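J.: This structure is in structure tokens; I'll ask about it shortly.
The values are calculated or read from the model by the stated rules, or taken from the named source; none is laboratory data. The shown structure was predicted, so the numbers you read here are calculated from the model rather than taken from an experiment. Cβ placement follows ideal geometry from the backbone for every residue including glycine, while neighbour counts extend to all protein chains displayed.
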Amino acid sequence: MQPVHVTILVLYLALMVGIGVWFSRRKYTATGDDFLFAGRSLPKPVMIGTLLATWVGSGTIIGGASFAYTFGPLASIFFMAGTPVGIVVLYFIAKRVRRSAAHTVPELLERRYGVAVRIIAALITILAYTGITAYQFTGGGYIISVITPLSPQGGAILVAVIITLLAVGGGLRSVAWSDFVSAMVIVVSLLVALPIILGRDIGGWDAYWQGMPDTHTTLSGGLPALALLGYFLPLFLLILADQNMYQRLDAARSEDEAKQATAGFFFTSFLVTVPVALLGSAAVVLLPDIAPDTAILSLAGEGYLPVVIGGLLLGGALAFIITTGSSFLLSGAGNVVYDAVQRMMGVPLDDAGRLKVHRLAVLAIAAVAYVLGRFFPTVLELQLYSYTVYGVALAPPVLAIFFWQRATKWGAIASMSVAVVLTITWEQLGQPGDVNSVLVSLPATLVTLMVVSLLTPGSRRNLEDQPLEAAEGEAR
């Protein structure tokens, strides 16, 4: 334990608490739209930062580094490519997303396919986002246990409190500004760490390249093409349907700024993914016997970096976990308010009522997520399949809203049902033949969507139409 690391961590957590308290004041969160969309007033730099921090989170700092450590920097291109390719698609639909002003992705789906599709999508989203939040609690607790004397369980409680405070206090405004700060911290620390590790510690590019196992210097990393595709598709599908992305585009000040922020998101994503791939694979040269998922954390904590830079890198890793957790917590609670309470249950809510229910939903999901992660890891593991289900089930019908007018309600319902059943079944069978479930469920989902849509009557409704028979008091 380094005192400097602990000091940096404490200062960072104090800053996050301060941001949450500052934006919890009534002048910033007077209405439901203030809470979910930050009053649709986020400046473009903050938009870019929150898009980056929300998406490039623990899955990149820990998961991406683990992949690079195991298979090398070139194979990481396939693992990371889902992000920029998906962002390109988002760029071309950003204006229409901002124009739609939809509160949730299920609401978008209802505008095209009807309320039944909205209900199914909302259930998938709430389950998936609760599980993802739970994993941020446990992952953040682990990082805190590395830096401080706290146990992983104690660290998880601390992280859960900070994440919940950010989400319940100022809503998206506090989450977005904390994202912006966290994005700057992690980008700067990664860019400073990269030349130190590759230059000073390893001895240059040649020593780095020659020090890796032979398979790490190949394009495939020793993986077959089908396996590489299995790593690419989940991130690609998830970003295309990720409710966090759509809600942040809705929070832009204008349609043009939403599109410009998406372009900024595309370019800044490389400032994280490229250093992570290089640092993760560099760790195999310096620390060949560590657990792969600790690759970057070990470089920061084992003395290979100056103590301040190491502390910032550890703090940045925790920062991305906190921003990811607060984003999914806030977003999932939005599904409870707008999809469950107002649409499914038909409860009329005014602005004050929506704000109150949203905050209560944040607290409820946070409590469930903590209990799942702490006491029911087996249930949580099963539930996290819905993370994959979310991308496979929702991305095809969401993209069809923008690119295929022939898609129908029955096609969407059938394809989403196939995605849920087939993905969970394949995972429960242990991924036969080591084939990633997305490689099985995605083709089946696409075929189902197309065939059933072509066999059933289409709809004349489009994205700009309001949902059918909106519940009394529902915000539009």
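J.: Which of the numbered conditions does F402 fail, given that it passes all the others? Conditions: (1) in contact (Cβ under 8 Å) with a residue 24 or more places away in the chain; (2) in a helix (DSSP H, G or I); (3) buried (at least 18 other Cβ atoms within 10 Å of the Cβ); (4) over 20 Å from the mean Cα position of the chain (by Cα).
T.: The one condition F402 does not meet is (3).
J.: I've got another one for you. Have a look at L223, L229, L219 and point out the one that is surrounded by fewer than 20 Cβ atoms within 10 Å (Cβ to Cβ) and assigned to a loop (DSSP other than H, G, I, E, B).
T.: None of the other options fit; the residue is L219.
Residues are listed down the side, and each one gets a yes or a no for (1) part of a helix (DSSP H, G or I); (2) under 27 Å from G325 (Cβ atoms); (3) at pLDDT below 90:
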site: W410; (1), (2), (3): yes, no, no
site: T423; (1), (2), (3): yes, yes, no
site: R461; (1), (2), (3): no, no, yes
site: D465; (1), (2), (3): no, no, yes
site: A475; (1), (2), (3): no, yes, yes
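J.: Pairs, please: C-beta under 7 Å, at least 6 apart or cross-chain, first residue farther than 17 Å from L363 by Cα and in segment 333-353, second in a loop (DSSP other than H, G, I, E, B) and among the hydroxyl-bearing types (S, T, Y)?
T.: D339/T104; D351/T31
J.: Among the numbered criteria (1) surrounded by fewer than 22 Cβ atoms within 10 Å (Cβ to Cβ); (2) farther than 20 Å from T138 by Cβ; (3) of a type in the set (S, T, Y); (4) under 24 Å from the mean Cα position of the chain (by Cα), which one does Y304 miss?
T.: For Y304, the exception is condition (4).
J.: Take the residues in segment 353-371 that are small (G, A, S) and crowded, with 17+ Cβ neighbours inside 10 Å, then tell me which one is nearest to G334 (Cα to Cα).
T.: Going through the qualifying residues, I end up with A361.
J.: Between A333, A291, which is among the aliphatic types (A, V, I, L, M), crowded, with 24+ Cβ neighbours inside 10 Å and farther than 25 Å from L399 by Cβ?
T.: A333
J.: Any idea which residue in segment 249-265 is nearest to A38 (Cα to Cα), counting only those that are modelled with pLDDT under 90 and in contact with a strand residue (DSSP E or B) (Cβ under 9 Å, 6 or more places away or on another chain)?
T.: A251
J.: I'd like to know if segment 97-117 contains one or more residues that are closer than 27 Å to L314 by Cβ and of a type in the set (S, T, N, Q).
T.: Within segment 97-117, none of the residues are closer than 27 Å to L314 by Cβ and of a type in the set (S, T, N, Q).
J.: Looking at segment 8-41, which of its residues are among the β-branched types (V, I, T) and touching a Ser or Thr at 6+ places or on another chain (Cβ under 8 Å)?
T.: I19
J.: Okay, moving on. Right, R374: surrounded by fewer than 20 Cβ atoms within 10 Å (Cβ to Cβ), in a helix (DSSP H, G or I), modelled with pLDDT under 95 and at negative phi or not?
T.: So R374 fits the description; yes.
J.: Then there is this: What is the residue count in segment 128-164 for residues that are surrounded by 19 or more Cβ atoms within 10 Å (Cβ to Cβ) and touching a residue at least 40 places away in the same chain (Cβ under 8 Å)?
T.: So the count comes out to 23.
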